[in-house]
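For reference, the structure discussed in these notes is given below.
The values are calculated or read from the model by the stated rules, or taken from the named source; none is laboratory data. These numbers were taken from a predicted model, which means no experiment stands behind them. Please note: Cβ atoms are built from the backbone with ideal geometry, for glycine as well, and neighbour counts cover all protein chains shown. Just the protein is used for accessible areas: all its heavy atoms, side chains included, with ligands, DNA and RNA removed. Shrake-Rupley method; radii C 1.70, N 1.55, O 1.52, S 1.80 Å.
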Amino acid sequence: MTGDWVQYTVALTTGAIPATEKTRFVISAGSPGTFWLNQVSLFPPTYHSRPNGNRIDLMNLMAALKPGFLRFPGGKLP
């Protein structure tokens, strides 16, 4: 065991479990021990599935405006 930090990326899916206000996210271990988490972020699907991207609903609203005066990273909106 080292004291070095390691970044892990995981894609989680709920499968047949519908997401509700009462849904919980639980991390558990199969045996006794200690693990440390730092900067845990849960992101829903993003616009064009971009890593750390923008919310789909906001970007769809922005695209509907057809802004000709803005340039978005990666090019213009479709």
Out of S31, S49, S41, any idea which swings most in a Gaussian network model of the chain, alpha carbons joined below 10 Å? S31
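Rounded to the nearest 500, what is the chain's calculated 222 nm mean residue ellipticity when only DSSP H runs of at least 4 contribute -39500 (n - 2.57) each, over all residues? If you can, show how the numbers build up before the last one.
Values: 1 runs with 10 residues, N = 78.
Rounded to the nearest 500, the figure is -4000 deg cm²/dmol.
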Trypsin sites (Lys or Arg not before Pro) within segment 1-73: which are DSSP loop residues with at most 10 other Cβ atoms inside 10 Å? K22, R24, R71
Rolling a 1.4 Å sphere over the protein heavy atoms, what is the accessible area per residue of the chain, to the nearest Å²? 103 Å²
Tell me, what ³J(HN,Hα) does each residue in segment 57-68 have, in order and in whole Hz, if you take phi through Karplus 6.51 cos²θ - 1.76 cosθ + 1.60 with θ = phi - 60° and put x for Gly and Pro? 5, 5, 6, 5, 5, 5, 5, 5, 6, 6, x, x
Using a 10 angstrom cutoff on alpha carbons, build the Gaussian network for the chain and name the most mobile of G30, G15, G53. G30
Could you point to the label whose value was computed as P(r) over Cα pairs in 5 Å bins from 0, in percent for the structure here, given [x] 3, 9, 16, 16, 15, 12, 11, 9, 5, 3, 1, 0; [y] 3, 16, 29, 29, 16, 6, 2, 0; [z] 3, 12, 13, 13, 11, 9, 7, 6, 6, 6, 6, 4, 2, 0? [x]
Counting only protein heavy atoms and using a 1.4 Å probe, what share of the accessible area of the chain belongs to carbon plus sulfur, as a whole percent? 58 percent
What is the gain in length, in nm to one decimal, between I56 and F35 on full extension, counting 0.36 nm per residue of separation less the C-alpha to C-alpha distance? 4.2 nm
Given H placed on each backbone N at 1.01 Å, which residues far from N54 in sequence or on other chains put an amide H within less than 5 Å of it? Y47
